[in-house]
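Report on the following structure.
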Amino acid sequence: MSIEFLKETFIGLVAVDSPYGFEEPMIRHFKEALAPYVDEVQETPRGNVVGVQRGKDPKAPKVALAAHMDQVGFTVFNIDERGFIRFRKVGGASNRAILGQRVRLATEKGSVPGVVGIKPGHVTPPSEANTIPPIEEMYIDVGAWSRDEVEGMGVKVGTPIVFDAEPRELANDLITSPAVDDKAGLTVLIAVAKALKDEEIPATVYYIGTVEEEGGLRGAAVALHDLDVDAAVAVDTAPSGWQPDINMRDMVYEVGRGPAIHIGEMGRRGSWIYHSRLREWLIETAEAEGLPYQSGYQLGGTDASAMAQTRGGIPATTVGVPRRYSHSPVETFDLKDMSGLVEILVASLRKLKPGFRLLRS
Ligand SMILES: [Zn+2]
């Protein structure tokens with residue numbers, strides 16, 4: 001898949017603000033972006049987007065690829081009489097990445113720029129200088145002089161907020177941007193659908209954009225309930241290291257060494273090993289095609305764990321684009337890892353024929 005197509009698609013997705021719980025603009029955008037490449041695309045009342053490319057062999061497996069449409073962000077909690085805005089997180093943005101940032105507030109009247117204020121060093125006591133205040137103490141300044149003026153701009157309690165930073169190219173095909181998680185995954189879905197559009201492979205492929213991942217995999221928990229799906233692959237980003245403040249004792253993945261085909265995930269809720277047959281299928285394909293990949297443990301949960309618990313249990317796994325600086329405005333990934341993941345998924349889906357064995361024994 002051409003790097004240019006991936007870059008353009010990704011940049012288009014980042015321009016659409018979709019913090020956790022406020023995915024409406026992305027539901028519209030993803031439906032439109034997917035439509036040219038699938039037989040049919042629809043939105044469920046819950047908010048998930050489901051596109052399908054019907055395979056030519058009804059006996060071949062039916063597989064879902066899922067990426068989440070939400071991103072970490074914030075929402076207006078209240079506005080004081082001087083026009084300063086108190087806000088709360090939706091999803092888990094890193095507190096250390098919030099102070100002093102530019103943000104934009106997505107109002108019905110359009111986007112309103114603001115900044116997260118920061119106390120001047122001159123009046124910060126040494127005891128506070130190296131600490132991060134809790135979110136309750138942070139505030140946004142939109143340049144207004146009063147609550148009335150802020151409300152006149154269209155900002156009200158409940159207005160969604162995102163980091164306001166443009167995607168930028170760094171050296172060696174690296175891209176830095178907010179919301180790489182999971183607009184990288186959505187980019188991969190669109191690119192796989194485009195690659196397989198005119199191919200008529202045996203397998204049926206569902207392309208699913210899920211809502212509300214960042215607050216507990218809520219959209220994915222119901223996404224497959226009414227679909228005739230044999231296996232599911234979550235396509236997400238993978239925290240990765242080899243940066244100066246990470247001890248590689250605590251990390252597996254590196255940016256630029258190929259996409260991640262995980263063994264399982266380890267998070268605060270415990271560990272879970274992904275479906276062994278799906279992992280073998282993806283790894284065997286990558287090996288056969290000579291495509292680089294990395295294999296280890298995903299840190300944190302993904303939509304796969306929710307999809308796996310659907311109905312009688314759906315075999316599920318997760319693949320990822322490695323990225324540095326998770327949940328900050330400068331998440332950073334390598335376009336070559338993304339393009340490699342598209343190639344592995346396309347080649348793997350081509351291989352799915354009737355009789356593909358999903359039993360683990
Ligand atoms: Zn994610």
Which residue, Pro58, Pro19, Pro259, has the most motion in a Gaussian network model of the chain that connects Cα atoms within less than 10 Å?
Pro58
Remind me, relative contact order of region 80-235 in percent, using alpha carbon pairs under 8 angstrom and six or more residues apart?
24
List the lysines whose Cα lies under 29 Å from the Cα of Lys183, skipping any in the same chain that are fewer than 8 positions away.
Lys7, Lys31, Lys62, Lys89, Lys109, Lys156, Lys194, Lys197, Lys336, Lys351
Based on the mean of other beta carbon atoms within 10 Å per residue, what is the order of 67-80, 41-54, 180-193, 115-128, most packed first?
180-193, 67-80, 41-54, 115-128
To check my understanding: the extent here is largest minus smallest coordinate of the Cα atoms along each principal axis. What are those three numbers for region 253-341, in Å, largest first?
37, 35, 17
Percentage of interatomic Cα-Cα distances in region 141-219 larger than 14 Å
78
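Give me Rg/Rg_expected for region 180-254, where Rg uses Cα atoms only and Rg_expected = 2.2 N^0.38 Å with N residues.
So region 180-254 has a normalised radius of gyration of 1.41.
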Among Lys336, Lys31, Lys351, which one moves the most in a GNM of the chain with springs linking Cα atoms closer than 10 Å?
Lys351
Find the all-direction average of the projected area of the Cα convex hull for region 73-163, expressing the result in square nanometres with one decimal place.
5.8
Enter the Cα centre distance for the pair region 310-324 and region 152-188, rounded to the nearest angstrom.
23
Considering all projection directions equally, how large on average is the shadow of the alpha-carbon convex hull of region 17-133, in square nanometres?
11.3
Approximate shape of the chain as ellipsoid semi-axes (Cα gyration tensor, √5λ), whole Å, largest first:
37, 22, 18
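Each value in this text was obtained by applying a stated rule to the coordinates, not by laboratory testing. Computed from a predicted structure; not experimentally measured. Positions of Cβ are backbone-derived with ideal geometry, glycine not excepted, and every protein chain shown enters the neighbour counts.
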